[in-house]
Amino acid sequence: MVSNLKVLQVIPKLGYGGAETGCYDLAHYLPENNCKSFIVTSGGELLKYIDKKKVTLVRLPVHSKNPILILLNAIALIGIILFNNISIVHARSRAPAWSCLLATKITGRKFVTTFHGTYNFNSNIKKFYNSVMVRSNLIIAGSNFIFSHIKENYLKLINDKKKLLVIFRGINVDYYDPSTKLENDEKKLLQNWKIEKDKKIILLPGRLTSWKGQELFIEAVNLVNIELGYEAFYAIILGSDQGRDLYKKKLTRLSEQHRLTKQLKFIDHCKDMALAYKISDIVVSSSIEPEAFGRVAVEAQSMEKVIIASNIGGSNETVIDEKTGFLFESGDTKSQKQKMLKALTLDETSLKTIGIEGRKNIIKKFNVEKMCFSTYSEYKRLLN
């Protein structure tokens, strides 16, 4: 039975986000365990890296929320399921999940969903739209925080025939490994960013959007400067504005207002995030709304870097406060300043000790092998 397992994952786009890399990693793990692996997606940057010998790829407009396209996608999925004798359909987002729900109902196949975020709602219509993620046979929550959110908001839709469990998202700890990065590459990146490695570097990665807390970070940098002196360290905000020009201008003005233009750099994109972590001394996740998982905190720890994160959402589960990093009161500039100051004044031995503990933490709980094995095991249970 196991060798005949055929899994179809459906995701809007295969970009570099957590849901997307999870889909990609699982798709390549399954063939190594005698399973057939399929992905349906509309496109994305990761497509070029897919091993076509291992994974069958089908392009459909599954990113669309248009009800007509959702219906047409469902019809196309029915054809794919029947033609390839798919055993399990795994949806990783709401719009394609509606297509998958319809297709699995008609074909009688098992349906799995992964709740990658809280999918906030401000109306009953939006809540109904979100509810497709708990209309499956197996509901996977990416963290305990997400698990609690599901139980709190969708309990009425969960019955004895459905299984709800937590499978922590995992990262590739071999890619996020400080020992694999070359000194030459580090020097090149520092040159590209026009930074001298004569001071500590604090990195804040994440797309430029207000809830990621870039404003809070800039204010905290200013407060640290008041205590340590101006330009005692470099601060880097790494992330694309994704068309949010006004927000980027607001951040630039705030930086100028605090006279941080020589100290604080805005970098749009970095192809090698592991290298970006490697050249940094401290990594910050400044989110003012809960992160479902908090990938930055996990990647930073895997790279043996001290992480400073807000004490909400997934960070509470991924960061061991005072051991692998520091948690601060979400939305509180002074609290963030204190933790940044603490990390900046640590000696090299303490920084290294925290970094080593961080990597141990990630290898033990949040590595991609563990995530893939747990998901694969649940697939098998579902069919038995």
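Determine which member of the set Leu47, Leu26 is in contact (Cβ under 8 Å) with a residue 12 or more places away in the chain and farther than 19 Å from Lys370 by Cα.
Leu47
Of the residues in region 288-303, how many are part of a loop (DSSP other than H, G, I, E, B) and crowded, with 24+ Cβ neighbours inside 10 Å?
The qualifying residues number 4.
With under 25 Å from Glu219 (Cα atoms), in contact (Cβ under 8 Å) with a residue 12 or more places away in the chain and surrounded by 23 or more Cβ atoms within 10 Å (Cβ to Cβ) as the only criterion, which of Ile362, Ile307, Ile312 stands out?
None of the others qualify; the one that does is Ile307.
Would you call Ala343 in contact (Cβ under 8 Å) with a residue 12 or more places away in the chain, buried (at least 19 other Cβ atoms within 10 Å of the Cβ) and farther than 30 Å from Thr114 by Cα?
For Ala343, the condition - in contact (Cβ under 8 Å) with a residue 12 or more places away in the chain, buried (at least 19 other Cβ atoms within 10 Å of the Cβ) and farther than 30 Å from Thr114 by Cα - is met.
Just need a number here: residues in region 238-249 that are among the charged types (D, E, K, R) and either surrounded by 15 or more Cβ atoms within 10 Å (Cβ to Cβ) or in contact with a strand residue (DSSP E or B) (Cβ under 9 Å, 6 or more places away or on another chain) (or both).
3
Assigned to a loop (DSSP other than H, G, I, E, B) and in the same structural domain as His269 (by TED's automatic domain parsing): does that describe Ile195?
Against the criterion (assigned to a loop (DSSP other than H, G, I, E, B) and in the same structural domain as His269 (by TED's automatic domain parsing)), Ile195 qualifies.
Quick one: in region 175-184, which of the residues that are assigned to a helix (DSSP H, G or I) and under 25 Å from the mean Cα position of the chain (by Cα) is surrounded by the fewest Cβ atoms within 10 Å (Cβ to Cβ)?
Ser179
Which one of these is assigned by TED's automatic domain parsing to the domain that holds Ser374, assigned to a helix (DSSP H, G or I) and surrounded by fewer than 19 Cβ atoms within 10 Å (Cβ to Cβ): Leu47, Leu57?
Being assigned by TED's automatic domain parsing to the domain that holds Ser374, assigned to a helix (DSSP H, G or I) and surrounded by fewer than 19 Cβ atoms within 10 Å (Cβ to Cβ) holds for just one of Leu47, Leu57, which is Leu47.
When region 189-218 is examined, which residues are found to be buried (at least 22 other Cβ atoms within 10 Å of the Cβ) and charged (D, E, K, R)?
Across region 189-218, the qualifying residue is only Lys212.
Can you tell me which residue in region 149-161 is farthest from Gly358 (Cα to Cα), limited to those that are in contact (Cβ under 8 Å) with a residue 12 or more places away in the chain and surrounded by fewer than 14 Cβ atoms within 10 Å (Cβ to Cβ)?
Within region 149-161, the match that is farthest from Gly358 (Cα to Cα) is Lys161.
Listed here are the residues, each with its yes/no results for (1) modelled with pLDDT of 95 or more; (2) within 27 Å of the chain's Cα centre (by Cα); (3) under 27 Å from Glu299 (Cα atoms).
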site: Ile70; (1), (2), (3): yes, yes, no
site: Ile78; (1), (2), (3): yes, no, no
site: Lys105; (1), (2), (3): yes, no, no
site: Val112; (1), (2), (3): yes, yes, yes
site: Gly142; (1), (2), (3): no, yes, yes
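The values are calculated or read from the model by the stated rules, or taken from the named source; none is laboratory data. A quick note: this is a predicted structure, and the numbers were derived from the prediction, not measured. All Cβ positions, even for glycine, are placed from backbone atoms using ideal geometry, and neighbour counts span all protein chains on display.
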